[in-house]
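Visitor: First the structure, then my questions, so here it is.
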Amino acid sequence: MEYLMILLLIFIAVLFLMQVVFFEITKSKMEKMNNINWFLSLDKPFNYNRVGYMVFLCFICYLISSPAPLFSLEWFIYFALFLAMGIVADAVVQYAILIYSKKRCRRQIEDAHLLQNELQHFTPNADFEKDYTLTPQNYDETSILRQYMTPEDHLAVMSVDSGKFASQFKDDTEAMFVVEPYTDTQRVQSQFEDDSSVKVTTLTPTGKMPFKDEKIDIIMCQECNYDKNEIQRVLKKGGYFIVNQHGTENLKEFVRLYMPFQMKGKWDAESCAQTLESIGMRIVDKFEDYGTIRFHSIQSLYQYFTKVSPDFANVNRYQVFYLQALKEMKDHSYFEMTTHQFLVVAQKTF
């Protein structure tokens, strides 16, 4: 019995010290990440749920160190006692760690609750829609597209903005096709009622471009996905494909927080150019733009996502991110995110 008590005391001391060290390492990491949710999780009632883990751990420890004959009656009696004492000891340690963490992070927990309360009671306000600053973009996709257009061209604009980008080019070409894969085409077509040369369409049920072979002079892909083989099929010989997309670094502060496994690889002007060269297209020009966007209020951040990516505007679903952003705004008066965009001009040569 004396042996068990000594072993148990050593076990408690080692376990407590390991938990404290692990807590301090985690705390330092969470402070650097501004992970407000982690500090909120510290302010919770005690709930012990490690029985299965302790059964396994105590069994291994006792199996290695027990002086009693293996699996004898004495071995089982003392193991049951050791297990009971181990679970009680672990529960005491877990409770002590919870108390320690609450006292150690009292200020952070209080600040986290204030931020959470502010976030839960914020009201979207259109007046804050432009309450952010963007670094100047080093290229203009509209001007670049116009350089390659002629009045006789058949232009196809692939986009997901309900025809907003395409509306700048009404009457500039003989025919323009607006390809909107996710929007009601009839609603978008109503924006072009005064221009019979514009037709709004979408992809086929199998995801193909809705054109015959070598039908289009210029294809503009504006911030949406494309099938390179379909581009090659519908583009005329000598025709141009202009792709303007976001790269992998765009809004990385959000994406890497929620979708870390989708960030493998790199998507930029060079990578895009290589995929187009792989199907025999000639790269005419390419542009790369890295910048930042600074938000000065949660309202402006919310309004921005509402326009560029409505799913990200779900404050409750992405509370961790919005709490981090709010903390940054409190500390530095702004929250900054990375922007990454590129444009590639390619020509079909055969």
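The values are calculated or read from the model by the stated rules, or taken from the named source; none is laboratory data. Fair warning: this is a prediction, and the values are worked out from it, not measured in the lab. Note: ideal-geometry Cβ built from the backbone for every residue, glycine included; neighbour counts use all protein chains shown. These accessible areas exclude ligands, DNA and RNA; they are computed on the full protein's heavy atoms, side chains included. Shrake-Rupley method; radii C 1.70, N 1.55, O 1.52, S 1.80 Å.
Visitor: Out of all the residues in the stretch 212-234, which are touching a strand residue (DSSP E or B) at 6+ places or on another chain (Cβ under 7 Å) and open to solvent by less than 20 Å² (accessible area, probe 1.4 Å)?
Guide: Ile216, Ile218, Ile219, Met220, Cys221, Gln222, Cys224, Ile231, Val234
Visitor: Within the stretch 57-99, restricting attention to residues that are farther than 30 Å from Ile109 by Cα and in contact (Cβ under 8 Å) with a residue 60 or more places away in the chain, which residue is surrounded by the most Cβ atoms within 10 Å (Cβ to Cβ)?
Guide: Per the criteria, the residue is Gly86.
Visitor: Within the stretch 103-123, how many residues turn out to be open to solvent by 60 Å² or more (accessible area, probe 1.4 Å) and part of a helix (DSSP H, G or I)?
Guide: 10
Visitor: Looking at the stretch 31-44 only, could you name the residues that are surrounded by 18 or more Cβ atoms within 10 Å (Cβ to Cβ) and more than 18 Å from the chain's Cα centre (by Cα)?
Guide: Trp38, Phe39, Leu40, Leu42
Visitor: May I ask you to say which residue of Thr173, Thr133, Thr183 is surrounded by 16 or more Cβ atoms within 10 Å (Cβ to Cβ), within 30 Å of Arg317 (Cα to Cα) and out of contact with any helix residue (DSSP H, G or I) (no Cβ under 9 Å at 6 or more places or on another chain)?
Guide: Just one listed residue meets the conditions, Thr183.
Visitor: Only one of Phe350, Phe321 is surrounded by fewer than 14 Cβ atoms within 10 Å (Cβ to Cβ), hydrophobic (A, V, I, L, M, F, W, C), touching a residue at least 40 places away in the same chain (Cβ under 8 Å) and outside any strand (DSSP E or B); which?
Guide: Only one candidate qualifies: Phe350.
Visitor: Among the residues of the stretch 202-211, how many are surrounded by 14 or more Cβ atoms within 10 Å (Cβ to Cβ) and over 17 Å from Asp153 (Cβ atoms)?
Guide: Going through the stretch 202-211 one residue at a time, the tally reaches 3.
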